[in-house]
Amino acid sequence: MTNIVEPSEKPSAEQPIEFFAAAKKVTDLAKSRETWPVAEVAALFELPFNDLMWRAQQVHRANWDANEVELATLLSIKTGGCPENCGYCPQSAHYDTGVKAEKMMAVDEVVAAAQAAKESGATRFCMGAAWRAPKDRDIEAVEEMVKAVKALGLETCATLGMLKDEQAKRLASAGLDYYNHNLDTAPEFYGEIITTRDYQDRLDTLGHVREAGLKVCCGGIVGMGESRMQRAGLIAQLANLNPYPDSVPINHLVAVEGTPLEFVRTIAVARITMPKARVRLSAGRRQLGEGVQALCYLAGANSIFYGDKLLVTGNPEVEEDRALLDRMGIHSRQG
Ligand code: SAM
Ligand code: DTB
Ligand code: SF4
């Protein structure tokens, strides 16, 4: 962490007022860059909506082309039958959701899906598996997939559950760019949603991923019955990871009354607290509708999952996404 000089309380002969003002400004900037106490994040959520949008847009424009979005396509390479009991997940074997457990896909099928994603304009391809943690022989298969997808000129991302440090290193050597592993909600709410693992398990995997030199993709879900303070708690956890994640998927679980604007607020606060992260509008876009999605782009979102399917649930049609982006004058990132 950079050394921060704290200015004294009052200007003095040794510390004239100009020095005091300049030092205070530097301190504030450094603080806002490096740590986000939950109370400060919660205060952002409490701002009038238009003021929050204004701040998010300033941060967005200072760090990104405000009219560009990244298109990332998802593929479920191993669906269903997961031993974890995540309360939001249709792929958990603990619940009867109609999702059947399947075998892992073959490498050539994955490559064909990646090729199609590339042809339709995606630059990033994310492979998801319903595992608590991959076995070493699963990693071998994923290594092959990563190499082949990367050879197409796509950025690669995988989300496979908990990783050991050795496994993270193997994926990094195979050329994996990002590893997705979400904190999902605030630490104090986590036990309400999942009991088969704890927050520290997630943080441990994120540590292995970072140490292996992989880029971290880590976000969460809005709409699981958490309070606003707990949403602030999630964002603070993410923003205080050192460094904060390279990309931040914000998923929307269910469309309950009043939540869409709360979702936009969460995007804006993520943008302000993690200026250089790709903030991705993730699950639940169909339920959000076009108006709320447009507000999310305004609030600083600059990445989406692109393609008509997420892992097992639906996503807007490619043509609908293209039409909305065209109407807003937002262009997709070129590879
Ligand atoms: N099994 C791995 C894991 O849990 O890390 C990877 C796949 S899991 C499906 C990846 C993420 O998808 C979860 O952390 C959660 O954020 C998101 N997700 C799963 N089901 C969801 C749902 N119904 N709505 C919104 N997001 C969901
Ligand atoms: C993330 O945060 N969202 C994506 C990706 N990471 C793997 C998954 C969304 C899943 C939505 C429900 C489903 O289709 O399974
Ligand atoms: Fe779903 Fe991943 Fe939880 Fe398994 S570990 S139930 S796939 S979110």
Would you pull out the residues with amide H under 5 Å of Leu74's amide H, same chain only if 5 or more places away, H placed 1.01 Å from N? Cys126, Tyr306
For Thr159, residues with placed amide H under 5 Å, excluding near neighbours: Met127, Gly128, Ala129, Asn180
Starting from the Cα of Glu166, step 7 Å along the direction of its Cβ; do the same at Tyr88; then give the gap between the two resulting points in nm. 3.3
To the nearest 0.05, the calculated FRET efficiency linking Ala43 and Asn240 through their beta-carbon distance, R0 being 22 Å, is 0.90
Give the calculated FRET efficiency between Lys276 and Lys147 to the nearest 0.05, with a Förster radius of 25 Å applied to their Cβ-Cβ distance. 0.30
What full-extension length gain, to one decimal in nm, is calculated for Arg132 and Ala62 as 0.36 nm per residue of separation minus the Cα-Cα distance? 21.3 nm
Roughly how many debye, to the nearest 20, is the charge dipole of the chain about its Cα centre, given +1 on each Lys and Arg Cβ, -1 on each Asp and Glu Cβ, and no other charges? 320
Highest-fluctuation residue, Asp246, Asp136, Asp321 considered, GNM on the chain with Cα pairs under 10 Å: Asp136
Do the alpha carbons of any pairs in Lys150/Lys276; Lys78/Lys276; Lys169/Lys309; Lys100/Lys135; Lys215/Lys309; Lys100/Lys215 sit beyond 26 Å of each other, and which pairs? Lys78/Lys276; Lys169/Lys309; Lys100/Lys215
Any idea which of His181, Ser247, Asn50 is furthest toward the positive side of the dipole for the chain, if Lys and Arg beta-carbons carry +1 and Asp and Glu beta-carbons -1? Ser247
The size of the Cβ-based charge dipole (Lys, Arg +1; Asp, Glu -1) of the stretch 197-249 about the Cα centre, to the nearest 20 debye, is 160
What residue among Val216, Val69, Val111 has the largest mean-square fluctuation in a Gaussian network model of the chain, using Cα springs under 10 Å? Val111
Roughly what % antiparallel, to the nearest 5, for the DSSP beta bridges in the chain? 5
Which listed residue (Pro275, Trp131, Leu74) has the Cα farthest towards the positive end of the charge dipole for the stretch 63-332, taking +1 on Lys and Arg C-beta and -1 on Asp and Glu C-beta about the Cα centre? Pro275
Show me, for the stretch 70-87, the HN-Hα J-couplings you get by feeding each phi into the Karplus relation (A = 6.51, B = -1.76, C = 1.60, θ = phi - 60°), rounded to Hz, glycine and proline as x. 8, 9, 10, 9, 9, 9, 8, 7, 8, 9, x, x, 6, x, 6, 10, 4, x
For the chain, set up a GNM with springs between Cα atoms under 10 Å and report which of Ala301, Ala101, Ala270 has the largest fluctuation. Ala101
Rounded to the nearest 0.05, what FRET efficiency do Asp198 and Glu109 have when you use their Cβ-Cβ distance and R0 = 51 Å? 0.90
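We did not get these values from a lab; they are worked out from the coordinates using the rules stated. Fair warning: this is a prediction, and the values are worked out from it, not measured in the lab. Reconstructed Cβ throughout: ideal geometry from the backbone, glycine too, with neighbour counts over all protein chains shown.
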